[in-house]
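Everything on this sheet refers to the single structure shown next.
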Amino acid sequence: MSRKRTGRDFRELHIWIDEPKEELGIDHHSKRHFWSRSTEKEIVEYWNKKEDGIGKIAVEEWLFHIALDNLFILFKKVEYNNPMKEKTNFLSFGFPGGDFVYYEDGKHENEIMKRIFEIIKEGKKQ
Ligand SMILES: [Zn+2]
């Protein structure tokens, strides 16, 4: 996804973001997974040393990573809290043929939710 968005895979960046996982498990989100001026500065400086001007793109990738992680946690919470019920204020996200995050904030019948996920899956395959 990073490569498609930026032309680079930023593998090193994503590994660095999730590195505290080995020590902290699920609580690794308490490190490097929220925006702060100091982490942004650290990323910009590190990546600009590799290639001048790439730091700001690395910051976008970092924010994209943590946004998706948090959306995923929300998604799981909503699912867990509403196992059999109609989903309300449901948040969906995906990449239907594009490289952006979108969400819908609303109420859908289960049949509509199923169709939304089918469309998202089809989009991911492209
Ligand atoms: Zn992560």
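The values are calculated or read from the model by the stated rules, or taken from the named source; none is laboratory data. Note that the structure is predicted; figures quoted are calculated from it, not measured. Note that we place each Cβ from the backbone using ideal geometry, even for glycine, and neighbour counts take in every protein chain shown.
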Restricting the search to segment 17-65, which residues are crowded, with 17+ Cβ neighbours inside 10 Å, under 17 Å from the mean Cα position of the chain (by Cα) and either away from the ligand (no atom under 12 Å from the Cβ) or modelled with pLDDT of 90 or more (or both)?
-> Ile17, Arg32, His33, Ile57, Ala58, Val59, Glu61, Trp62
Listed by first then second residue, the pairs whose first member lies in segment 61-84 and is under 15 Å from Ser30 (Cα atoms) and basic (Lys, Arg), whose partner is modelled with pLDDT under 85 and within 12 Å of the ligand (Cβ to nearest atom), with beta carbons under 7 Å and at least 6 positions apart or on separate chains, are none
